[in-house]
Amino acid sequence: MTEKNDESIPTDYNNVDYSDLYPGRRNDLSDSWLKKFMRFEHYERVRCETNVYNCFKNSPIVKLMVAALKSSGCDIDISRHISCEVCSNKITGGFDPVLNQVIVCQNTANTEGRVRSTLSHELIHMFDYCRYNMDLNNIHHLACTEIRAANLCHCSYLGAVCRGTISPFDVKQAHRKCVQDKAMRSVLAVKNVSEDVARAAVMKVFDKCYNDLEPFGRRIRRNSLDMQKAYLEGQLYGYI
């Protein structure tokens with residue numbers, strides 16, 4: 001996979017209607033009470049907020065992210081900075097830099113495990129926005145934070161094989177390819193660009209962002225003690 005020059009990045013990629021991803025933020029009053037009732041939105045929201053609370057209380061990785069944000073001068077108020085909302089079915093969460101809020105999609109992140117995964121991912125974006133002055137209107141900044149989130153929280157060898165991202169015989173480069181693929185798909189989810197443009201942006205910043213392991217200090221492997229170890233090691237970095 002080769003990198004493309006900056007000339008391949010268009011200048012109008014910011015023209016995206018985010019309300020397509022987060023329809024609840026349109027304040028669309030045209031829905032009848034019956035439609036809202038049939039979507040069980042109240043039940044979904046209560047379930048989502050309960051799962052968010054449980055993750056803040058019990059998840060080592062979420063607690064580490066909250067501590068790292070506080071250490072960086074960005075303390076979190078769960079009622080102010082986390083919002084359960086109805087979203088597009090193709091996403092489970094998002095980060096709104098204007099309101100400095102993590103969005104948890106109550107209709108798709110519908111288990112505690114999915115909420116934990118969503119919070120971990122989106123809190124990395126919040127951390128990058130806080131600590132590195134990230135500009136999500138810059139496609140390279142967006143690609144970098146998506147690389148970091150995929151690298152630290154999501155990619156596993158088995159999952160990448162199941163998605164068809166890598167060959168079962170391609171063990172050495174499995175994690176890198178998984179991160180590249182997930183970061184590219186995340187960029188495509190929020191930016192109106194082609195796959196080639198998204199891939200070029202990811203590859204442009206990949207090595208630098210892939211090697212940035214803050215604030216975990218490690219890549220979290222599935223079904224391991226890495227979450228607990230990262231939380232305990234947070235004391236060494238001044239986060240806990």
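The values are calculated or read from the model by the stated rules, or taken from the named source; none is laboratory data. Computed from a prediction, not measured in an experiment: that's the story for all the values here. With ideal geometry, Cβ positions are generated from the backbone for all residues, glycine too; neighbour counts draw on all protein chains shown. When the accessible area is computed, the model is the full protein with side chains, heavy atoms only, and any ligands, DNA or RNA have been set aside. Shrake-Rupley method; radii C 1.70, N 1.55, O 1.52, S 1.80 Å.
Numbers for the structure displayed
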item: Of the criteria (1) at negative phi; (2) at pLDDT 90 or above, which one Val98 fails; result: (2)
item: Tabulated pairs, segment 51-68, first within 19 Å of Asn100 (Cα to Cα), second small (Gly, Ala, Ser) and part of a helix (DSSP H, G or I), C-beta under 8 angstrom, 6+ apart or interchain; result: Val62/Ser120; Leu64/Ala230; Leu64/Gly234; Met65/Ser120; Ala67/Gly234; Ala68/Gly234
item: Members of segment 198-229 that are over 18 Å from Ile147 (Cβ atoms), buried (at least 16 other Cβ atoms within 10 Å of the Cβ) and either of a type in the set (Val, Ile, Thr) or touching a residue at least 24 places away in the same chain (Cβ under 8 Å) (or both); result: Met227
item: Subset of segment 77-93 (residues that are without any contact (Cβ under 8 Å) to a residue 24 or more places away in the chain, open to solvent by 30 Å² or more (accessible area, probe 1.4 Å) and closer than 16 Å to Leu119 by Cα); result: Asp77, Ser79, Arg80
item: Residues of segment 124-155 classified as buried (at least 23 other Cβ atoms within 10 Å of the Cβ) and in a loop (DSSP other than H, G, I, E, B), total; result: 1
item: Yes/no for Ser186 being hydroxyl-bearing (Ser, Thr, Tyr) and more than 24 Å from Val62 (Cα to Cα); result: no
item: Checklist (1) among the hydrophobic types (A, V, I, L, M, F, W, C); (2) farther than 18 Å from Pro215 by Cβ; (3) assigned to a loop (DSSP other than H, G, I, E, B) applied to Val104, failing item; result: (3)
item: So Tyr53, is it open to solvent by 60 Å² or more (accessible area, probe 1.4 Å), under 30 Å from Gln228 (Cα atoms), at pLDDT 75 or above and assigned to a helix (DSSP H, G or I); result: yes
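Conditions (1) part of a helix (DSSP H, G or I); (2) more than 18 Å from Tyr231 (Cβ to Cβ); (3) among the small types (Gly, Ala, Ser), marked per residue:
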site: Arg47; (1), (2), (3): yes, yes, no
site: Val98; (1), (2), (3): no, yes, no
site: Gly113; (1), (2), (3): yes, no, yes
site: Arg116; (1), (2), (3): yes, no, no
